[in-house]
Amino acid sequence: MSRARVARRIAAGAAYGGGSIGLLGVAAVGVLLAEVQLAKRSVGGGVAPLPPGAEGLYGRSFGSSDPASAPLRLALLGDSTAAGQGVRRSGQTPGALLASGLAAVAERPVVLRNVALPGARSDDLERQVSLLLATPAGPPDVCVIMIGANDVTHRMPATESVRCLATAVRRLRTAGAEVIVGTCPDLGTIEPVYQPLRWLARRVSRQLAAAQTIVVVEQGGRTVSLGDLLGPEFAANPREMFGVDNFHPSAEGYATASMAMLPTLCAALGVWPDTDRLEPDRHENMLPVAKAAAEAAREAGTEVTGARAPWALLKHRRRRRLPEAAPEAAPSEADAHHP
């Protein structure tokens, strides 16, 4: 069965209450579990540091008395990848990189809030969304969600996983926030993982990523495929791109991921210089949502955004190099994050 058809089945199961649709057969699961135990002995040779705090105000120099220059509010949700686990400096986290990049492109200050939790699965998104929407300042202007890896490693049913994600996106969109989802990364790129686990992990990760894309687009959000954590650098230079525990990205890895997500983040707010006009020479196209989702899962860094149902735009936006940044001031008390 094609990846597009599998993804559509998972998305349909999530929408209509199905809970038994999985990504692997029983025999494959047995092999996977046996290989996981071997992989655990290799993964985590070092200890990943806890995520450094990066919440605060970025791009303060762009502030002015003009109401149009009021700070944009960016929020990150998801797992350890969204939190920035694996690096030691706040300026190396995805939140800091995206906030500083957004401030530079929009020429406006950006207030960052991060409610991501290391180890989180998609069923934790309900709590994270509630935290964001409970603040007196109201919903963020834009939210970035990075989730899915722990769903795969903890064998969370795919239909339940995408149902939780769809609910989170719907709540945020209803509240008025733009939503960008970095779909499930390709766990087959983790260096200590060997065959057949590597093949199975890649297959499961990409099928989940495609299903995530379908439900996010249907709820009015956009996705960027993280794939092999966004870039051939991971396959070519895994020792450089992964952190000390061989599992979480290094500073260079997070920078690569953030560079791929920034254009979509800015486009959602209408501040990216590129338009949604398709560029055939960049292999951009308008496809049925399921097929676009499958194509995006195959090629890291691909954006999928909804067009006229059931069609979606497949985009490959030009990236910008991101400088390392640090918050310039603490956020206001209303925006402060209290774990």
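The values are calculated or read from the model by the stated rules, or taken from the named source; none is laboratory data. Since the model is a prediction, treat every value here as computed from it, not as a measurement. No Cβ is skipped: glycine too gets one built from the backbone with ideal geometry, and neighbour counts run over all protein chains shown. Remember, those area values only see protein heavy atoms, side chains included, never the ligands or the DNA or RNA. Shrake-Rupley method; radii C 1.70, N 1.55, O 1.52, S 1.80 Å.
Tabulated values for the structure
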item	result
Of all accessible heavy-atom area on region 72-171, the percent that carbon and sulfur account for (1.4 Å)	47
Cut-off 11 Å between beta-carbons: net charge of the residues surrounding PRO118, Lys and Arg +1, Asp and Glu -1	-2
Carbon + sulfur, % of accessible area of region 248-315 - ligands and nucleic acids excluded, 1.4 Å	53
Residues whose placed amide H lies under 5 Å from that of GLY56, excluding near-sequence neighbours	LEU112
Accessible area per residue, Å², region 117-183 with all protein chains present, probe 1.4 Å	36
